[in-house]
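The values are calculated or read from the model by the stated rules, or taken from the named source; none is laboratory data. Keep in mind that this is a model prediction, so the values were computed, not measured. Ideal geometry is used to build each Cβ from the backbone, glycine not excepted, and the neighbour counts take in all protein chains shown. These accessible areas exclude ligands, DNA and RNA; they are computed on the full protein's heavy atoms, side chains included. Shrake-Rupley method; radii C 1.70, N 1.55, O 1.52, S 1.80 Å.
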Amino acid sequence: MIAEIDARPFTFRMPIDGTALILIDMQRDFLDPGGFGAALGNDVCLLRPAVAACGRLLATFRASGMPVIHTREAHRPDLSDCPPAKRLRGTPLLRIGDEGPMGRILVAGEAGTEIVTECAPAAGELVIDKPGKGAFYNTGLNRYLGDNGITTLVVGGVTTEVCVQTTLREANDRGYDCLLIEEATESYVPEFKRVTLDMIRAQGAIVGWTCTLSAFESGLARCFH
Ligand code: C5J
């Protein structure tokens, strides 16, 4: 079965059996005060609208029995997977590995790397800790997708122009078709979100497609009824 989604720049044909939802880094370090996003000087409230939209996407995928993948940007406690160039860049209030109000910044197992309650993984859903911005770098994601016959990714998460865009580009280069749900992603800089969506779907979907949440839900419903 193929769902036809009213997307930009043109209809996205989504094979029901070969599609997974991937939610990027919906973790407290980016969405709550006191985490990595705030330490970089950002207003974390700007990302909040993505939480409800990602929650709706999760409910839709779970109801359809389609696979769901969650990622977290999280380093090993000894930071052996965090290059100094990443840790030492800029002048944040707290660096990766420093102790903050939600535990050590971007370190696996700390409160800051927990996915927010509204998007919490359900039993059986894959959760990937990734050391980079992209979800394919130094993770088992590509193998998991290949082993499970997944050719198509529906994408949400934060932030649009960093980890979401990097993951879309990595996926595109590996031959996956990607559809980014517009309300399910946000940036600390709204202008960056707008231009990232434009870049993704420019030149005949050079990186992928985007669509609204309601267009996605209607396209899927048409396919099932
Ligand atoms: C950032 C992310 N912005 N998840 N990470 O450092 O987008």
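Less than 5 angstrom separates the built amide H of L180 from those of V155, W209, T210, C211, all sequence-distant by 5 or more or on a different chain.
Between the helical axis of 190-205 and the longest alpha-carbon principal axis of the chain there is an angle of about 40 degrees.
Ratio of Rg to Rh for region 98-225: 0.98 [Cα atoms; Kirkwood radius as inverse mean 1/r over pairs].
Give me the mean projected area, in nm² to one decimal, of the convex hull enclosing the Cα positions of region 57-112. Numbers along the way, then the final one.
Numbers: hull surface 21.7 nm².
If you wrap the Cα atoms of region 57-112 in a convex hull and average its projections, you get 5.4 nm².
Figure legend: label point modelled 7 angstrom from the Cα of R62 along Cα→Cβ; residues of region 104-118 with amide N under 12 Å from it are 117-118.
Where does region 100-154 land on Rg/Rh, using Cα atoms and the Kirkwood Rh?
Numbers: Rg = 13.4 Å, Rh = 13.2 Å.
Rg/Rh: 1.02.
How tilted is helix 49-64 with respect to the longest principal axis of the chain? Cα atoms for both, answer in degrees (0 to 90, nearest 10). Relative to the chain, helix 49-64 is tipped by roughly 50 degrees. Taking label points 7 Å from Cα along the Cα-to-Cβ direction, R87 and D198 give a separation of 3.9 nm.
Counting other Cβ atoms within 10 Å, keep those with at most 15, restrict to DSSP loop, and tell me which chymotrypsin sites (Phe, Trp or Tyr not before Pro) in region 1-48 are left. If you can, show how the numbers build up before the last one.
Numbers: sites: F10, F12, F30, F36; in loops: F10.
Those that pass, being in a loop and sparsely packed, are F10.
For a protection proxy built on the mean count of beta-carbon atoms within 10 angstrom, sort 74-85, 151-162, 14-25 highest first, please. Mind showing how you got there, number by number?
Details: 74-85: 14.2, 151-162: 24.5, 14-25: 22.2.
Highest-to-lowest ranking by the protection proxy: 151-162, 14-25, 74-85.
Would you please put 92-98, 210-216 in order of how densely packed they are, using the mean number of other Cβ atoms within 10 angstrom per residue and starting with the highest? Before the final figure, lay out the partial values.
Details: 92-98: 17.3, 210-216: 19.4.
Per-residue mean Cβ counts within 10 Å order the peptides as 210-216, 92-98.
Leaving out ligands, DNA and RNA, what percent of the accessible area of region 33-187 is carbon and sulfur, probe 1.4 Å?
Details: 3410 of 6620 Å².
Exposed carbon and sulfur together represent 51 percent of the surface.
Here the label points at N148 and D17, each 7 Å from Cα along the C-beta direction, are separated by 1.7 nm in the simple model.
So what is the relative contact order of region 1-141, in percent, for Cα pairs below 8 Å that sit 6 or more residues apart? List each step's numbers first, then the result.
On the way: 231 pairs, mean separation 37.8, N = 141.
After rounding, I find 27 percent.
Here the translational diffusion coefficient of the chain follows from Stokes-Einstein with Rh set to the Kirkwood radius across Cα pairs; for 25 °C and 0.890 mPa s it amounts to 140 µm²/s.
May I ask you to give the solvent-accessible area per residue for region 64-127, in square angstrom, as obtained with a 1.4 angstrom probe?
Details: 3210 Å² over 64 residues.
The answer is 50 Å² per residue.
Label sites at A221 and Y137, each approximated as a point 7 angstrom past Cα along Cα to Cβ, lie 4.0 nm apart.
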